[in-house]
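S.K.: Input: one structure, supplied below.
The values are calculated or read from the model by the stated rules, or taken from the named source; none is laboratory data. Since the model is a prediction, treat every value here as computed from it, not as a measurement. Here the Cβ positions follow ideal geometry from the backbone for every residue, glycine too, while neighbour counts run over all protein chains shown.
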């Protein structure tokens, strides 16, 4: 590990031989099996949060993570103060 790397690289590395990525759960990076996966059957994408209906973890495509704040819009919200999807101006500026 490079000097000072723990400060910028989150410390623990993936246990997979030769992988320089940061470890998630079970000591591995996402590509090598670490992290939480979407609960939807047949989906192997990364879980980004709970849907608010029950206790199931989902990827963005299946309703996980923050949703657009505009009424009747179920798209995923973009980062930023507005809390809206890209169609409603989220993620700009």
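S.K.: Can residue 57 be described as closer than 27 Å to residue 77 by Cα, modelled with pLDDT under 85, out of contact with any helix residue (DSSP H, G or I) (no Cβ under 7 Å at 6 or more places or on another chain) and surrounded by 14 or more Cβ atoms within 10 Å (Cβ to Cβ)?
M.R.: So residue 57 passes the test.
S.K.: Could you check how many residues of the stretch 67-79 are surrounded by fewer than 17 Cβ atoms within 10 Å (Cβ to Cβ) and over 16 Å from the mean Cα position of the chain (by Cα)?
M.R.: Residues that pass the stated criteria total 5.
Listed here are the residues, each with its yes/no results for (1) touching a strand residue (DSSP E or B) at 6+ places or on another chain (Cβ under 8 Å); (2) modelled with pLDDT under 85.
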site: 6; (1), (2): no, yes
site: 13; (1), (2): yes, no
site: 22; (1), (2): yes, no
site: 31; (1), (2): no, no
site: 39; (1), (2): yes, no
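S.K.: Out of all the residues in the stretch 12-30, which are surrounded by 12 or more Cβ atoms within 10 Å (Cβ to Cβ) and closer than 20 Å to residue 58 by Cβ?
M.R.: 24, 30
S.K.: Go through the stretch 41-54 and report how many residues are part of a loop (DSSP other than H, G, I, E, B) and modelled with pLDDT of 80 or more.
M.R.: Adding up the residues that qualify gives 7.
S.K.: A further question on this structure: Looking at 35, 64, which one is assigned to a loop (DSSP other than H, G, I, E, B), crowded, with 17+ Cβ neighbours inside 10 Å and under 12 Å from the mean Cα position of the chain (by Cα)?
M.R.: Exactly one residue qualifies, and that residue is 64.
S.K.: Read through the list (1) under 21 Å from residue 91 (Cα atoms); (2) in a loop (DSSP other than H, G, I, E, B); (3) at pLDDT 80 or above, then give the number of the only condition that residue 80 fails.
M.R.: The number of the failed condition is (3).
S.K.: Of the numbered conditions (1) part of a loop (DSSP other than H, G, I, E, B); (2) modelled with pLDDT under 85, residue 26 satisfies every one except a single condition; which is it?
M.R.: Looking at each condition in turn, residue 26 falls short on (1).
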